[in-house]
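A.B. asks: Take this structure first; my questions come after.
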Amino acid sequence: MVLAMTADAGRLFWRVLWATLLLKLLLAAWLPLTGDEAYFYLWASYPAAGYYDHPPMVGWLLAALMQFSLAEWWLRLPAVLLSTVIGWSIYSLLCRRVEAEKAALVATLYLLSPLNLVAVLVTTDTPLILFSFFSALALLLALERGGYRWFILSGALLGLAFLSKYFAVLLGLSYGAFLLLVRRSGRNAVGLLLLFIAVLPFAAITLWWNYNHCWDNVLFNLYNRHGGGGGADWVSLLQYLGMMLYLITPPLLWYGWKHRAAFWGHLKEGELFSWLWGLPVLLFALLSLVAEIGLHWVLAFYPFLFLSLTVLFERRQLRRSIAFMAGFSLLHLALLAVLMLVPLEMWQERQSGLHYSLVVGMHGDELWQELEPLVGERQFATTSYSSSAILEYATGRRTAVFGGGSKHGRQDDILTDFRQLDGRGVAVLLKKRSSGEQFLPYFDEATLHRLQTRGINGYLLVADGFRYDRYRDEVLRRVQQRFYRLPWFLPVGSCYFYDNYFPQQDVERLPRK
């Protein structure tokens, strides 16, 4: 009977593994391109050691894939395979630590999570999660098998995670707390030092790039993207707790509460994955009092939930949790299908501009057929980083961002040199007619054309005689004041924005607080 139940659990795991992989491939081929994805594809089109918003790993990954195909399902393959690879790894690891039936049930539960089932879009979190997970596995081998090479491998993988997204620092801090406070020993202290040394070459890459590029990542992540801070915010804490309820799901929380004594025992015994899940969750709860914690903050730690908490569940509890998770994921898929099948024309009467963003995202190639005769040889541009990235991906034509833009996605500041456009023609795609009026002073002459794609209205400002000097003094000066003033403590390296537009001016500093 036991053998039969184990075989059933094993068959369930493999069926779910292949079924979810097929479903994710279908979703990857069906879902329209998003602005963020197109932005990362834009990175990949211009490979570099860094990018405005984040470290370069996702750009490097997509650049390699783009050598073979530009199909969206192909470029999304890393995100599609991510949870499949981690699910199989969880199963393989647990088969050596617990009975095979429980290993299969835990891995099945992970695969069926809605976060893993519908997340087929490529983001900076994709390589972050992958490298963080395998870095933790290497650290586990360092603790169990001995030998400093595993510490070095863990550090190298953590360095790759750092080149994916700076949230990898939180995993590194968790390693430090665990090895210095929980599993204290001379060997582990030396191992932690070697781990840290292995990270340094990867950190040096992003440090060097930032020093020579206006410290873009520092400015964006610590200053430009955040408003003024306040005091303790209990609303943010409640939002964080609600997010964790969604992420973990009520059944897992309930069964986890029932097994809290066993989980606490794992913490006291220094079980690695229990600490790598429990410590960040507690830290984020405290941080939520002073900052808004988004879902992406915890993604790199999510697999550790299943390796630490659900292994404590009884088989019956695991099977009930799987049933809930399957239904919960089906609900997500149904909602996604409804949103995708809503006719685009239903957005026609909306005034927010969202409707035209949908046209750009879902029918960029069709829109370009209407635009191309009007644009001609002029520099094509939009007022949005996402629209520009999507249309450049769809058309293969360099698409700039005209105007001040937003605090997000300012990679175009590196790619577009407005000095080269002086006196030339520019065609700017607009979501609203009124948006074109603010750009008229920057051209000798301009005409506004009304567009209609899929029944949705849009506008194209076709202009000639670009007045660069005025644009620099008004628009680019505001951009410089808003986005390119360095903190007082950072050494001045090279800054393309000053080099291009204000070469006689020293780099300005943010006021000390």
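A.B. asks: Taking the range 178-193 as the search range and keeping residues that are open to solvent by 50 Å² or more (accessible area, probe 1.4 Å) and assigned to a helix (DSSP H, G or I), which one is nearest to residue 494 (Cα to Cα)?
C.D. replies: Restricting to residues being open to solvent by 50 Å² or more (accessible area, probe 1.4 Å) and assigned to a helix (DSSP H, G or I), the top hit is 193.
A.B. asks: Evaluate the following for residue 161: is it among the small types (Gly, Ala, Ser) and closer than 30 Å to residue 483 by Cβ?
C.D. replies: Numbers: among the small types (Gly, Ala, Ser): yes; closer than 30 Å to residue 483 by Cβ: yes.
Spelling it out, residue 161 is indeed among the small types (Gly, Ala, Ser) and closer than 30 Å to residue 483 by Cβ.
A.B. asks: Do you know which of the residues in the range 58-83 that are among the polar types (S, T, N, Q) and without any contact (Cβ under 8 Å) to a residue 24 or more places away in the chain is nearest to residue 17 (Cα to Cα)?
C.D. replies: In the first step, residues of the range 58-83 are kept if they are among the polar types (S, T, N, Q); the result is 67, 69, 83.
Narrowing the set further to residues that are without any contact (Cβ under 8 Å) to a residue 24 or more places away in the chain leaves 67, 69.
On the way: 67: 28, 69: 26 Å.
Step by step, filter the range 58-83, then rank; the result is 69.
A.B. asks: Which one is modelled with the highest pLDDT, of the residues in the range 218-265 that are among the small types (Gly, Ala, Ser) and under 27 Å from residue 55 (Cβ atoms)?
C.D. replies: Restricting attention to the range 218-265, the residues satisfying the condition of being among the small types (Gly, Ala, Ser) are 227-232, 236, 242, 256, 261-262, 265.
Imposing the further condition that a residue be under 27 Å from residue 55 (Cβ atoms) reduces the set to 227-229, 236.
On the way: 227: 53, 228: 48, 229: 48, 236: 84.
Out of the qualifying residues, it is 236.
A.B. asks: Let me ask you something else. Would you pick out the residues in the range 23-34 that are small (Gly, Ala, Ser) and open to solvent by 20 Å² or more (accessible area, probe 1.4 Å)?
C.D. replies: 29
A.B. asks: While we're looking at this one, here's another question. Which of the residues that make up the range 470-513 are among the charged types (D, E, K, R), more than 28 Å from the chain's Cα centre (by Cα) and over 15 Å from residue 418 (Cα atoms)?
C.D. replies: 506, 508, 509, 512, 513 - these are the residues of the range 470-513 that are among the charged types (D, E, K, R), more than 28 Å from the chain's Cα centre (by Cα) and over 15 Å from residue 418 (Cα atoms).
A.B. asks: Only one of (1) in contact with a Gly (Cβ under 8 Å, 6 or more places away or on another chain); (2) within 26 Å of residue 130 (Cα to Cα); (3) at pLDDT below 90 fails for residue 297. Which number is that?
C.D. replies: Exception for residue 297: condition (1).
A.B. asks: Give me the pairs: first residue in the range 388-408 and without any contact (Cβ under 8 Å) to a residue 24 or more places away in the chain and under 19 Å from residue 224 (Cβ atoms), second residue part of a helix (DSSP H, G or I) and open to solvent by less than 60 Å² (accessible area, probe 1.4 Å), beta-carbon distance under 7 Å, and six or more apart or on different chains, which are they?
C.D. replies: 401/385; 401/388; 401/412; 406/385
A.B. asks: Also, I was wondering about something else. Name the single residue, out of those in the range 138-172 being over 19 Å from residue 58 (Cα atoms) and of a type in the set (Ser, Thr, Tyr), that is most open to solvent (accessible area, probe 1.4 Å).
C.D. replies: 148
A.B. asks: When residue 175 is evaluated against the numbered criteria (1) hydroxyl-bearing (Ser, Thr, Tyr); (2) surrounded by 21 or more Cβ atoms within 10 Å (Cβ to Cβ); (3) not in a helix (DSSP H, G or I), which criterion, by number, is the only one it fails?
C.D. replies: (3)
A.B. asks: Considering only residues that are in a helix (DSSP H, G or I), hydrophobic (A, V, I, L, M, F, W, C) and open to solvent by less than 40 Å² (accessible area, probe 1.4 Å), which ones fall in the range 306-335? Give the derivation first.
C.D. replies: Restricting attention to the range 306-335, the residues satisfying the condition of being in a helix (DSSP H, G or I) are 306-308, 310-312, 315-335.
Those left that are additionally hydrophobic (A, V, I, L, M, F, W, C): 306-307, 311-312, 318, 322-326, 328, 330-331, 333-335.
306, 307, 311, 312, 318, 322, 325, 326, 333, listed by residue number.
A.B. asks: Look through 170, 179 and report the one residue that is modelled with pLDDT under 95, within 24 Å of residue 278 (Cα to Cα), of a type outside the set (Lys, Arg) and in contact with a helix residue (DSSP H, G or I) (Cβ under 9 Å, 6 or more places away or on another chain). Give the steps one after another, and end with the answer.
C.D. replies: Working: 179 fails: modelled with pLDDT under 95.
Step by step, each of 170, 179 is checked, and only 170 is modelled with pLDDT under 95, within 24 Å of residue 278 (Cα to Cα), of a type outside the set (Lys, Arg) and in contact with a helix residue (DSSP H, G or I) (Cβ under 9 Å, 6 or more places away or on another chain).
A.B. asks: For the range 174-195, enumerate the residues that are over 17 Å from residue 137 (Cα atoms) and without any contact (Cβ under 8 Å) to a residue 60 or more places away in the chain.
C.D. replies: 180, 181, 184, 185, 186, 187, 189, 190, 193
A.B. asks: Six or more apart or on different chains, Cβ atoms under 6 Å: show the pairs whose first residue is in the range 501-513 and at negative phi and whose second is at pLDDT below 90.
C.D. replies: Cβ pairs passing all conditions: 507/492; 509/488; 512/488.
A.B. asks: For the range 425-474, give me every one of the strands (runs of 3 or more DSSP E) that falls completely inside it and has 2 or more residues that are touching a residue at least 24 places away in the same chain (Cβ under 8 Å) and surrounded by 21 or more Cβ atoms within 10 Å (Cβ to Cβ). Spell out how you get there, then give the answer.
C.D. replies: Working: elements: 426-430, 443-453, 456-466.
Output list reads 426-430, 456-466.
So that you can scan it fast, the table gives a plain yes or no per residue for (1) open to solvent by 30 Å² or more (accessible area, probe 1.4 Å); (2) part of a helix (DSSP H, G or I); (3) not β-branched (Val, Ile, Thr):
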| site | (1), (2), (3) |
| --- | --- |
| 11 | yes, yes, yes |
| 21 | no, yes, yes |
| 53 | no, no, yes |
| 59 | no, yes, yes |
| 84 | no, yes, no |
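The values are calculated or read from the model by the stated rules, or taken from the named source; none is laboratory data. Remember, predicted model here, so these are calculated numbers, not experimental data. As a convention, Cβ positions derive from the backbone with ideal geometry for all residues, glycine included, and neighbour counts pool all protein chains shown. In case anyone asks, the SASA skips ligands and DNA or RNA and just uses the protein heavy atoms, side chains included. Shrake-Rupley method; radii C 1.70, N 1.55, O 1.52, S 1.80 Å.
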